Every structure is written in structure tokens, then in C-alpha cells.
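**Student:** Please find one structure pasted underneath; my questions will follow.
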Amino acid sequence: PLHVQREELIPCSLLCKLLQNLYPEAWERRKLAADQREHQSNSSTGLLGLFVSDSVLPKQRHRLHIFEQRYKALIDRVMRGSRRFAMVGISRADDAVRLSDGSRISQFGTEVEIVSCNGLADGRFLIEVQGRRVFQITDHALTDGGFVEVSVTYCSWQSDTPSSSDRQGAEGDVRQAAQAAANLVAEWEQRVRDWGYEQFRGHMPMIHNDIGPRPGIEQGDALALWIAALINPVPGLGVAPEIRQQVMGAATPLERLQIVTEAMESSMRGMVKPGSWKRLVLPYCREQFRHLLLLGLVVAGYGLTRLSSSVHSLFFAIDDGS
């Protein structure tokens, strides 16, 4: 079935009354799921099914093709209840969470909500999700459905209350960093548009439509997340370093703002104007390097095969001589 966003639906009180009378048990189950969803929205902790994929930030949208059995079980379950699950990226960091299958994932991820779901006849799902809240994983366990369920604490990013003078100093530093980051956004985006780095027509407007208006400089954390979502969008632009896991795992607003500022500066240093010899030559050089690398691997493989054959022939000759 095709599911749409709840906000797009207009409730009919007469139909609600009829369904409640005809299917009282199903009505109570749906009501309980809605109450749990509302409670979870206001809770600081939660229990979510885990989907290991690309990192996603709040407000970012991501389309997914669900075909693995464990993830089909996950989507089937959440579509009967909260429509929400955890999306976490693979991590090589020392503090990564190690799952029972040996894979390592980031401590930090994002709760996503299914905004559209198309269930196919063979059991697969085509879904679109949107990021809601950043969390930190505190525990995990394998379910009967084959997918992992994680206990999470939603990140409020509220630091310990400092003295009034320290607080004023910290707020001043954050505001200054937020202003510097905000000033870079317009220049970075102008280069992306004018220098032809959009991957398709309307790419930047689509990104803005997903992530919404830019938060003010007084909202340091929200601004840092917004900028990270802008320069690491879904689908990607390919012009900025991947920083989403870093931003989610940073300890303070100042650190988050410094990460996004450095990423924008690095991105702009790597951009090249249209018509520049670098814009023409560098992609060609990269392509030729890939071809040479592939050729080297083929030659090396052939050489190893010949060497192995020679060694075997030598052993046989020694055996025959003895």
C-alpha cells in the first residue's frame, strides 16, 4: 500500500466513529501506537529498530529500497506503529559500537520517520524517510525479526551550568563562531551554483526545500546541523568533506560550528572555476590514474599467476629428480 504523511490527511469524524464501533480492538491498538509515538516525541530516551546505512541529519530526506529480510521485518513493524527507526553510519572510530555480526557503527545517529512507503508485491519496500532527532546509542540487542534494536538517549546538548562570567564568555565565543559560519554560507553556496557543482538542475533548491530556512546565529547547535546538512546533502554534491558523524558526535556548540566552518573553507579551496585548466585537466588525470591502477592490478595478477605456475613446475621437477 501507498502511505502518505499524516499531515496531508483530513480526518473524518463520522468515519472515525464508524471504524471505532466496527473494529474496537484494532482501534485501541492504533490509539495505543499513536500515544506511544507522542510520548516518545517528548521523551529523552527511546528504543528504536536499527538501519545501518549512510548518516542522515535532522530534516534531511533519504529514499531507501528495502530488500533485506531483516530490514523488511523492521519496516513492517514500524509501519504498524511509530513509523520511526534509527539510521546510523558505519564507523572506524575507537569508540564505535560493535554489533554481534562484527560490524562497527557510530555511537551517534538520527531518528528518522517514514514519510512515504510503497510496499511491493514481493515484500520489498520503497520508502522515503526524514531525519528528526540526533541520539547516542546506549545499548543494543538482536530481535526475533533479525534486526537490531538500540536503546538511545536523545541529544539535548545541554552543558553543565557554568558561572555567569564563564557562561557569558562561552556564549560570546559561540555567537562569534556562528556569525563566521553564517557569513561563509552565502559565498559557499554562490560558488556551488555559479561554478556548476550542482549535480542536476534544481539541486540546491531541493536541498533548501528539505532542510528549511537557516537558523539564526543565536542557535549555534541548530545552525551547525543545518550547515552540515547543506554541504553534505542527500543526494550529495561531492564538493565538501563528509562531516555529519563528526558534527553529531561533537561535545559543544563551538566545536560543531568549528567543524562546519573548516569544512566549508576546505570545500571552497577545492572548487575550481569553469573553464579553468584545472577543471579540465584534473578529472582527466584522475580517470587516467584509475585506468593505470586497474592495468597495474591486472599485470600484477598475471605475474602472480605465472610465478605460482613456475613454483609448481619447480616442485614437480624436484620430486621427479628425487
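Bear in mind that the values in this text are calculations on the coordinates, not laboratory data. Treat the numbers as computed from the prediction; the structure is a model and nothing was measured. Cβ atoms come from the backbone with ideal geometry, glycine included; neighbour counts cover every protein chain shown.
**Student:** Computed over the Cα atoms of region 176-223, what is the convex hull's projected area averaged over all directions, in nm²?
**Tutor:** 3.6
**Student:** A further question on this structure: For PHE200, put the label point 7 Å out on the Cα→Cβ axis and report which residues of region 53-92 keep their amide N under 14 Å from it.
**Tutor:** Answer for this model: 62-64.
**Student:** By per-residue mean of other Cβ atoms within 10 Å, what is the highest-first order of 108-119, 56-67?
**Tutor:** Numbers: 108-119: 21.2, 56-67: 18.7.
My ranking of the peptides, most packed first, is 108-119, 56-67.
**Student:** Let me ask you something else. Roughly what would the spin-label model give for ALA121 and SER43, points 7 Å off Cα along C-beta, in nm?
**Tutor:** Output for this residue pair reads 3.9 nm.
**Student:** Compute the FRET efficiency between LYS17 and ARG132 as 1/(1 + (r/R0)^6), taking r as their Cβ-Cβ distance and R0 = 30 Å, and round to the nearest 0.05.
**Tutor:** Values: r = 32 Å, r/R0 = 1.05.
The formula returns an efficiency of 0.40 here.
**Student:** Round to the nearest 0.05 the FRET efficiency obtained for LYS273 and HIS208 when R0 = 22 Å and r is the Cβ-Cβ distance. Mind dumping the intermediate values first?
**Tutor:** Values: r = 24 Å, r/R0 = 1.07.
The calculated FRET efficiency here is 0.40.
**Student:** Please list 3J(HN,Hα) in residue order for region 199-209, calculated via the Karplus relation 6.51 cos²θ - 1.76 cosθ + 1.60 where θ = phi - 60°; whole Hz, with x for glycine and proline.
**Tutor:** 7, 7, 4, x, 4, 5, x, 5, 4, 5, 5
**Student:** As an exercise, use a Förster radius of 35 Å and the Cβ-Cβ distance of VAL311 and SER53 to find the FRET efficiency, rounded to the nearest 0.05.
**Tutor:** Numbers: r = 45 Å, r/R0 = 1.27.
Step by step, r from the Cβ atoms, then E = 0.20.
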